Amino acid sequence: MSIYIKGGRLIDPAHKVDMTADLYVAEGKVVAIGENAKSFNAEQTIDAKGLIICPGFIDLSASIPEPGHETKGTVASETRAAAAAGVTSLCCPPNTTPAIDSPSVATLIQDLGRQNDFCHLYPIGAMTVGLQGAQLSEIYALKEVGCIAVSNMRRPYQSNAVLLHCLEYAATHDITVFFSSTDVTLEQSGCVHDGPYATRLGLGGIPETAETVALSRDLLLVEQSGVRAHFGQLSTARSVELIARAQDRGIPITADVAVQHLISTETCIHDFNALYHIQPPLRSEQDRRALLQGVKQGVISAICSYHQPHETAAKMAPFAATEPGISSIETLLPYGLELVRNNALELTELIERLTFGPAKAARIKGGALGIGDIADICIFDPDEYWLLNEKTIFSKGHNTPLLNTEIQGRVRYTMVAGRKVHQYTN
Amino acid sequence: MGPIAESPQIQLTDNGQLRHFLTIEGLPSSILCEILDTADSFISMEQQSVKKVPLLRGKTIVNLFFEPSTRTRTTFEIAAKRLSADVINLNISTSATTKGESLLDTLRNLEAMASDMFVVRHADSGAAHFIAEQVTPKIAIINAGDGRHAHPTQAMLDMLTIRRHKGEFEQLSVAIVGDILHSRVARSQIQALNTLGVPDIRVIAPNTLLPFDVESLGVKIYNRMIDGLADVDTVIMLRLQNERMQGALLPSQHEFYQLYGLTMDKLKYAKPDAIVMHPGPINRGVEIASDVADSNQSVILNQVGYGIAVRMAVMSMAMSGQTMQNQENSAGHNDEHLESPDSNGTARL
């Protein structure tokens, strides 16, 4: 299929491109930009006037609950949601049931992904068997079948020695380790940021040290083992500082932040709204600003959706008894654009952190639209208002605080390897 | 740190009357005073030979206790019966894994039985808010304690105790001693004391039993009893749970008693006419010495009696607000569709 995308504003931060330009796509690749390709025989023309054309987004953390929790979401439903969100590469964490700790589970998920064919689906392998923190998984085999990294998520390790050995083994095979640094003993039974709102509402507080104590340890062991590491979903100002200091010392680490942590703070929980129950918790305004600053300065090179779809019942309980997580992949771009409208980020910075930044962090292809690059493309209208509701949402998880809200910024076309996987025309 | 966002006023009717009683926070002092005044009138009624009034005749109140309680449940039951309501007690133990769904299912079942009011106790903070949001708006919800969040009727009976023994709130110093971190009673007391204008509210505890930035609630922190008790008018002791000895919050009961137990020696630092309060049940020799608990400065048993009057006040006010709101709502909807008399509740008014 050859496609001629006409008259849009092309933003490709990887090539420092931001201009109005035509884009020619054929055989799954970008074949020409800007010039009038006379010989080009377009089977389809997309009028992108007034729209933004950029590389498809790369989401480093979006949960797909299949296998195991299909009532929350399936590969089919969540990759369809990804396509609607402009996400062309999706990395799914290993907390399925069973966990992605064996090549068979990783292969199953990828097969389901290929059958549905809405995006590139990259599983993240479980670093330890069952995420139990005791026995190293066959992580070389996981890498061989397509896992782009391994992670133990927010689960504890039996000992620091186990963690060190996992990192050494991962380093041996040049496997990236994704951390979500958490000290569960400091987390205790908390469910919200240990701040004035926790105090007022009598909800268990999670201190920032639950993240920073573990992060400090993880950084030291990463340095010792020489493994390639990525730190996901930072939530505190101190974490940004720790990552920046390690990067300054030349340790090859990257970091991401969940878009919700750039937008919201602990104030959102003031009336026990369980839709804002996430872990790590929404923290203080000071933390939010520091995270934004980290994104701006490049200490944090990726913004992820941290999508966690749930069935309705998972949120129908008193706050602490609800399951943490927000169905957020379809609000990734609208939230990001809100940061642009608030002058917190430049549009090109936002797109870089959604495309080339995560591509480098996870060492996956995509995230750029140069000639010859794979035609993973997102075309969106940054201004269009639309209503997110039960009819317009694609994810099976309706657990977003933005449900039944008018939001701004809508994906019009998503292409994966030159193939249209999502289209919205008004 | 951003400003503290206001809780939405789901507790009040469109006209500002009480319809649910979930937390002290956000309620104006006029409502708190109305509760105290109404409770006062019920106390004088207690002297009469017939203690019942027909305010809630024909109403069904369900005491929904997901957590064990003797004192609170009993006083709610007596209060409801003195208001001539029909009372059903349900003690529902919950298993941690299924509590979310079973709570909602339980509520749906009770809703179908045409109850008028739920009195709820639950181990999770925010449970009463959750229930108020999830059940039909026609049912009034009274929070009888939710997790660490709030225990507003306990706080109001404490306010009544203070007002009856100490007079005006604007002149008082009040110290709350013990496990503030895990205490819903303390949170509600602090909010009530602030709303009623008490200028000097103190909390006395080791740092392990204080929540993060507790000053943001409008209190001063004291780590030592003799500093915190100096010249106070009221000492409120909190119950210490045994499980606080785990996880290194406290070394031992013995050391806690040495440092924070209320003894006659320590009480001397308070004003000579200071009163001693405790939400009960007391642990003699753990947080309070026997001679203090039994002294004439102790008003602990008076508190229990006031508890009935306060709960009568809250239940009658909430039911009246709820009834008005329902009448208003159904009047507003009459044009659109006719409601059957048994579904809109008019038959029961």
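The values are calculated or read from the model by the stated rules, or taken from the named source; none is laboratory data. If you're wondering where the values come from, they're calculated on a predicted model, not measured in any experiment. Cβ: placed from backbone, ideal geometry, glycine included. Neighbour counts: every protein chain shown. The area values use the complete protein model at the heavy-atom level, side chains included, leaving out ligands, DNA and RNA. Shrake-Rupley method; radii C 1.70, N 1.55, O 1.52, S 1.80 Å.
Details
- Lone unmet requirement of (1) surrounded by fewer than 22 Cβ atoms within 10 Å (Cβ to Cβ); (2) hydroxyl-bearing (Ser, Thr, Tyr); (3) in contact (Cβ under 8 Å) with a residue 12 or more places away in the chain; (4) farther than 26 Å from B:MET45 by Cβ for B:SER252: (3)
- Residue tally, condition open to solvent by less than 10 Å² (accessible area, probe 1.4 Å) and farther than 16 Å from B:LEU249 by Cβ, over segment B:199-218: 1
- Answer residue from segment A:264-290, given it is under 22 Å from A:LYS396 (Cα atoms), open to solvent by 10 Å² or more (accessible area, probe 1.4 Å) and assigned to a loop (DSSP other than H, G, I, E, B) and is nearest to the other protein chains (Cβ to nearest Cβ) among those: A:ASN273
- Counted residues, segment A:202-232 - those being out of contact with any helix residue (DSSP H, G or I) (no Cβ under 7 Å at 6 or more places or on another chain) and either part of a loop (DSSP other than H, G, I, E, B) or within 14 Å of chain B (Cβ to nearest Cβ) (or both): 2
- Matching residues in segment B:186-243 - criterion: being away from every other protein chain (no Cβ under 13 Å), in contact (Cβ under 8 Å) with a residue 60 or more places away in the chain and closer than 29 Å to A:SER284 by Cβ: B:ALA192, B:THR195, B:LEU238
- Some residue of segment B:130-138 being modelled with pLDDT under 85, assigned to a loop (DSSP other than H, G, I, E, B) and either farther than 21 Å from B:ALA313 by Cβ or open to solvent by less than 10 Å² (accessible area, probe 1.4 Å) (or both): yes
- Members of segment A:97-128 that are hydroxyl-bearing (Ser, Thr, Tyr) and surrounded by fewer than 24 Cβ atoms within 10 Å (Cβ to Cβ): A:THR97, A:SER102, A:SER104, A:THR107, A:TYR122
- Looking at segment A:33-81, the strands (runs of 3 or more DSSP E) lying wholly inside it that each contain 1 or more residues that are hydrophobic (A, V, I, L, M, F, W, C) and closer than 22 Å to A:VAL259 by Cα sit at A:52-55, A:57-59.
- Identity of the residue in segment A:291-319, hydrophobic (A, V, I, L, M, F, W, C), surrounded by 23 or more Cβ atoms within 10 Å (Cβ to Cβ) and not in a loop (DSSP other than H, G, I, E, B), that ends up farthest from the other protein chains (Cβ to nearest Cβ): A:ALA302
- A single member of B:MET277, B:MET245 is at pLDDT 90 or above and touching a Ser or Thr at 6+ places or on another chain (Cβ under 8 Å), and it is B:MET277.
The rows are residues; the columns are (1) open to solvent by 30 Å² or more (accessible area, probe 1.4 Å); (2) more than 23 Å from the chain's Cα centre (by Cα); (3) more than 16 Å from A:ARG283 (Cβ to Cβ).
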| residue | (1), (2), (3) |
| --- | --- |
| A:LEU142 | no, no, yes |
| A:ARG154 | yes, no, no |
| A:ALA170 | no, no, yes |
| A:CYS191 | no, no, no |
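- Filter result for B:ASN143 (of a type in the set (S, T, N, Q), more than 9 Å from chain A (Cβ to nearest Cβ) and under 20 Å from B:MET317 (Cβ atoms)): yes
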